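First comes the structure, then the notes that go with it.
The values are calculated or read from the model by the stated rules, or taken from the named source; none is laboratory data. On a predicted model such as this, the values are computed, not experimentally measured, just so you know. Don't worry about glycine lacking a Cβ; one is built from the backbone with ideal geometry, like all the others, and counts go over all protein chains shown. The area values use the complete protein model at the heavy-atom level, side chains included, leaving out ligands, DNA and RNA. Shrake-Rupley method; radii C 1.70, N 1.55, O 1.52, S 1.80 Å.
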Amino acid sequence: ESAIPELQGKLVRKFPAVTTIDGTAIAKQIQELVVQMSRLVYVFTLLALLTGVMVLISSLLSTSQDRMKDSASFRLLGMQKRDLYMLNILELGVLGISAATFAVVIASVGAWAAITQWFNLQFSVPWLSLAIGGAALIVLLFAIAIIYVRLVIGRGIMARVRAMI
C-alpha cells in the first residue's frame with residue numbers, strides 16, 4: 001500500500017498519456033459508504049421494532065376491558081385462573097408470532113427481489129440472524145403477555161365476576 005504512489009509516479013513518467021487511478025482508495029470509499037448504509041438499515045430496523053412493540057402494547061391496552069369481560073365470563077363458566085392465564089398468553093403469543101412470520105416473509109421476498117433483480121447479486125438467507133431475532137421475539141412476546149395478563153386480567157377479574165353475578 002505504501003508503494004502505490006511510487007508505482008503511479010513511475011507509470012506516469014514512462015507512459016505520460018496514461019492516467020492512473022488508485023482503486024484501493026475508491027474501494028475504501030465504497031466500503032465506508034456500505035458500512036454507513038448498513039448502520040442506517042440497523043437504525044431503521046430498531047425503530048421499526050420499537051414501533052411494533054408500542055403498537056402491540058397500545059392495542060393490548062385498548063382491548064383490555066373486552067379481554068377482562070371475556071375472562072370474567074370464562075371464570076364464571078368454571079375456568080381455572082391458571083388456564084385463563086395460559087389462554088391469554090397463548091393468544092397473544094400466536095398473534096405476535098404469526099405477525100412476525102408474515103413480516104419476515106414479506107421482508108425476505110422484498111430483499112430477494114431487490115438483491116437479485118435490481119443489483120444482480122446472489123441472495124443468501126441470514127439464518128443465524130433470523131434465529132437470534134426469532135428467539136428474542138418469542139422471549140419479548142411472552143414477557144409482554146405475562147406482564148399484561150398479570151396486570152390487567154389478574155387484578156380485576158374477581159371484581160368483574162362479582163359484578164356479573
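Key figures for this structure:
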read-out: Burial ranking of peptide ranges 114-123, 53-62 (average Cβ count within 10 Å, highest at the top); value: 53-62, 114-123
read-out: Tilt relative to the chain, helix 4-14 - C-alpha long axis, 0 to 90 degrees, to 10; value: 40
read-out: Between helix 127-148 and the chain: long-axis angle, C-alpha atoms, 0 to 90°, nearest 10; value: 30
read-out: Listed values (i) 1.10; (ii) 0.96; (iii) 1.34, entry calculated as Rg/Rh (Cα atoms, Kirkwood Rh); value: (iii)
read-out: Length released on extending from ARG82 to VAL41, taking residue separation times 0.36 nm less the Cα-Cα span; value: 10.6 nm
read-out: Carbon + sulfur, % of accessible area of the chain - ligands and nucleic acids excluded, 1.4 Å; value: 70
read-out: Computed E for LEU95/THR24 - FRET, C-beta separation, R0 45 angstrom, nearest 0.05; value: 0.30
read-out: Under Karplus coefficients 6.51, -1.76 and 1.60, residue-wise ³J(HN,Hα) of the range 46-58 in Hz, glycine/proline x; value: 5, 5, 5, 5, 4, 4, x, 5, 5, 5, 4, 5, 5
read-out: The chain: calculated mean residue ellipticity at 222 nm from DSSP helix runs of at least 4, using -39500 (n - 2.57); value: -27500 deg cm²/dmol
read-out: Angle between the chain longest axis and helix 81-113 axis [Cα atoms, degrees, rounded to 10]; value: 20
